[in-house]
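Q: Take this structure first; my questions come after.
None of the figures in this text is laboratory data; all of them are computed from the coordinates on show. Since the model is a prediction, treat every value here as computed from it, not as a measurement. Counting neighbours? That spans all protein chains shown, and the Cβs are built from the backbone with ideal geometry, glycine included.
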């Protein structure tokens, strides 16, 4: 028994980065399609334009909100659309995890995990807010990582 | 621990450390998972609770049919590393167990403390799946066992959220204490929502494989 514990301890200690798994969770520029205005980076004007151009171009082809009956009804009630590009979404267990975690939040009036688009479509209740940081934390609780977040017109594919 | 057991542990840990890549023994924070397996060696049930996105604690009950020994153990599992990609996910899990093993055979050797360590790794896309797992089990006077298994899977189509997902899989397992040390099992995996069901047949040992997982 002691030997087993010793081997296990040695393995845990020697794994680079294992202890801080998912600690650096949100690569805001991953995929190149995070709305630039959502970042707090200090860019020069020229750089900003270049990034904005790239983001605008990327957003043109970025997946839009997936409309289910529940989502359409939530939008009709004045809810705000949010599309989250999620990394590592490959199976229904991923969808179950995000449905359970995000579905518990009072701010969320409707949601759908689209495996084909690899997105989480959310509608936030009228007057409520769900920050990028909140979404990041919730995705982490579900076991996933976010590549980009689009809101409002950008979320609708505009 | 015997030298051969050490070699198996070293091999398992070697694979772990080299970050090559099974299933998802850790769920979302606050999630419960029920995992039932039945293969040529054993029938088992594991109910675990995910304390966080990378750590679960569960209770396992296992019947090793060949020896007619049952185990009841507490099993923690740690998601040591997850790689995220737009089209893939890969994971390395470390697991262990501590509890009691009881001899149910006519020999009636009684009970002893049992423990195990294991590593599970997987790489998965919407249509391809590769996994490896290894476990070394120490049961005191009831003997030690080791196993390792690799699995390859292919999905003939990509189902969307909530649809029925179907996988064709092939598993190769190695159990040193069996007459047929290495065995091959083709199996079908059906996956829908929170439920996963697998049915296969071990063509080496002529025995069925039935696995079921449910998340809630």
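Q: When the chain is fully extended, how far beyond the present Cα-Cα distance does residue B:166 get from residue B:181, taking 0.36 nm per residue of separation?
A: Between residue B:166 and residue B:181, full extension yields 2.5 nm more.
Q: Which residues among the stretch B:148-183 fall inside the zone where the amide N is under 18 Å from a point 7 Å beyond the Cα of residue B:66, along Cα→Cβ?
A: Under 18 Å, as judged by backbone N against the label point of residue B:66, lie B:148-150, B:171-183 of the stretch B:148-183.
Q: Counting only other chains, what is the mean number of Cβ atoms within 10 angstrom of the Cβ of each residue in peptide A:114-125?
A: 2
Q: Can you give the FRET efficiency for residue A:133 and residue B:57, using 1/(1 + (r/R0)^6), R0 = 35 Å, r = Cβ-Cβ distance, to the nearest 0.05?
A: With a Förster radius of 35 Å, E is 0.80.
Q: Take the eigenvalues of the Cα gyration tensor for the stretch A:64-155, scale each by 5, and report the square roots as semi-axes in whole Å, largest first.
A: After diagonalising the Cα gyration tensor, the semi-axes are 19, 14, 12 Å.
Q: Okay, moving on. Round to the nearest 0.05 the FRET efficiency obtained for residue B:112 and residue B:214 when R0 = 35 Å and r is the Cβ-Cβ distance.
A: 0.65
Q: Which of B:71, B:47 has the fewest other C-beta atoms within 10 Å, and how do the rest follow up to the most?
A: With the sparsest Cβ surroundings first, the list reads B:47, B:71.
Q: Given a Förster distance of 30 angstrom, what is the FRET efficiency for residue A:61 paired with residue B:195, based on the Cβ-Cβ distance and rounded to 0.05?
A: Once rounded, the FRET efficiency stands at 0.30.
Q: On to the next question. Averaged over all directions, how much area does the convex hull of the C-alpha atoms of the stretch B:3-215 cover when projected, in nm²?
A: Mean orientational projected area (the stretch B:3-215, Cα hull): 11.4 nm².
Q: Tell me the label-point distance for the pair residue A:116, residue A:72, using the 7 Å Cα-to-Cβ offset, in nm and rounded to one decimal.
A: With each label placed 7 Å out from Cα toward Cβ, I get 1.6 nm.
Q: How do B:53, B:61 rank when sorted from fewest to most other Cβ atoms within 10 Å of their own Cβ?
A: B:61, B:53
Q: May I ask you to sort A:104, A:117 by Cβ crowding, counting other Cβ atoms within 10 Å and putting the fewest first?
A: Ranking A:104, A:117 by Cβ neighbours within 10 Å, fewest first, gives A:104, A:117.
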